[in-house]
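One structure is given below, represented as structure tokens, and several questions about it will come after.
Here, each number is a calculation from the coordinates, and none is a lab measurement. Here the structure is a predicted model, which means the values were calculated and not measured. Glycine also receives a Cβ, built like all others from the backbone with ideal geometry; neighbour counts cover every protein chain displayed.
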Amino acid sequence: MSPAAEDGHYPTFAGLLEREGALAGTSWGLFPDATRGTPSFITPQAMLEARNCIRTGRAFGLDYPAEAFDPGMSLKRGAPRHTIYSAHPAHRDDFLDGYYLQGSTQIDGLRHRRADDVGFYNGTPDHRIKEGTPDLGIQEWADTPIAGRGVLLDLAGYRAGQGAPIDHAAGEPLGLDLIEAVLAAQSVSLRQGDILMLHTGWCEWFLGLRPEDKQRMRESRRATGVAQSEEFVGWAWDHRLALLAADNFAFECLPALPASPYRESAPNDHGMMHQQLLAKLGMPLGELWRLGPLARHMRTTGQWDAFVTIKPLNVTGGTGSPANATALM
């Protein structure tokens, strides 16, 4: 274990950038559990304190149905085919064909992205990332689920209140300045180990489109999301966030901004931040989360945090999974 992590104190993002060689800009080797990543920021004490977020006795499922995004933005992930069969009159059983684990509400695991310049998280060899191997697999968070304080930032509600709704048809990039403005407007403070949820309204907007309009958006490869910047990556790390989630297709905007600082280091991802967040920081990403009902309830209560649990499917070596996320208020 790194001396920096022995007492629970971690370097700032600026400190990460000063690490030598392949370690520069990474959290590799800093966490007690080398394969868990930033969910390690959720200490037992932080989880116990998160119980205080349960005030109204309401529960919200944060997953869309497995078949919700059909067609969706993905060029390959389709809806699963559900079959129910019977062996005798008193029996029913079922199975799914073509079930893409990241086809609907999901959590990206640490083997979902390889950094073009330095490889998989913690220097895990490429040959270990295949079916049947456990290294960096999604089962790490199924065996020990992610649970703690979740904070929702209502970006869609804030922008609507400003008279400038988010432009989903244009795939609007959402900057760190907007995120910080909403934090201030909601009078919310972030704590180490928080699960940050960004409500953009994109999922409900997209699901409300006609099939032909969904197809046009799919072909355009444009989707609302967080604008790529080193400032955002550093901000997420310096706040010691356990997980980043949003109700949009890729968490970050598509396509990546022409000015993305990761155009050279992440050419296979065309400058997206996925490699920085997953492969370098070990910070899981949640995409296509169902945040609308939760956001509307929170507006009525003025309470913007909840106890959140995330229990991926226990698939050894999975690159991602349905999030199986629940918010308790």
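Return the whole-Å distance between the Cα centroid of the range 137-153 and the Cα centroid of the range 241-271.
When both Cα centres are located, 21 Å separates them.
Where a Cα-Cα gap under 25 Å defines reach, which lysines qualify for K280, not counting those fewer than 8 residues away within the same chain?
K130, K311
To the nearest 0.05, how large is the calculated FRET efficiency for A185 and A87 if R₀ is 41 Å and r is the Cβ-Cβ distance?
0.10
Straight-line reach from K214: which lysines have Cα under 23 Å away, leaving out those fewer than 8 places along the same chain?
K76
Which residues' amide hydrogens lie under 5 Å from the amide hydrogen of L101, considering only partners 5 or more residues apart or on another chain, with H built in the peptide plane?
none
Name the shape class, rounded, prolate or oblate, that the alpha-carbon gyration tensor gives for the range 9-83, where a ≥ b ≥ c are the square roots of its eigenvalues, rounded holds for a/c under 1.5, and otherwise prolate holds if a/b is larger than b/c and oblate otherwise.
Oblate, since a/c reaches 1.5 and b/c is not below a/b.
Quick check on packing: order 51-62, 165-176 by the mean number of other C-beta atoms within 10 Å, highest mean leading.
165-176, 51-62
Compute the Cα gyration tensor for the range 207-264, then decide on rounded, prolate or oblate, letting a ≥ b ≥ c be the square roots of its eigenvalues: rounded whenever a/c is under 1.5, prolate when a/b is larger than b/c in the other cases, and oblate in all that remain.
oblate
Here's something else I'd like to know. Would you mind putting 29-38, 148-157, 304-313 in packing order, based on average other-beta-carbon counts within 10 Å, highest first?
148-157, 304-313, 29-38
Select from the range 59-145 those trypsin sites (Lys or Arg not before Pro) which occupy a DSSP coil region and have at most 13 other Cβ atoms within 10 Å, ordered by residue number.
Qualifying residues, ordered by number: K76, R92, K130.
Test of understanding: what is the full-extension gain from L96 to A170, defined as 0.36 nm times their sequence separation minus their Cα-Cα distance?
Additional length available on full extension: 23.2 nm.
What is the chain by shape, rounded, prolate or oblate, if you read a ≥ b ≥ c off the alpha carbon gyration tensor as root eigenvalues and call it rounded for a/c under 1.5, prolate for a/b larger than b/c, and oblate otherwise?
rounded
Another one. Sketch the reach of a paramagnetic label on D70 as a point 7 Å from Cα along Cα-to-Cβ, and name the residues of the range 204-225 whose backbone nitrogen lies under 17 Å away.
Of the residues in the range 204-225, 207-208, 211-212, 214-215 have backbone N under 17 Å from the label point off D70.
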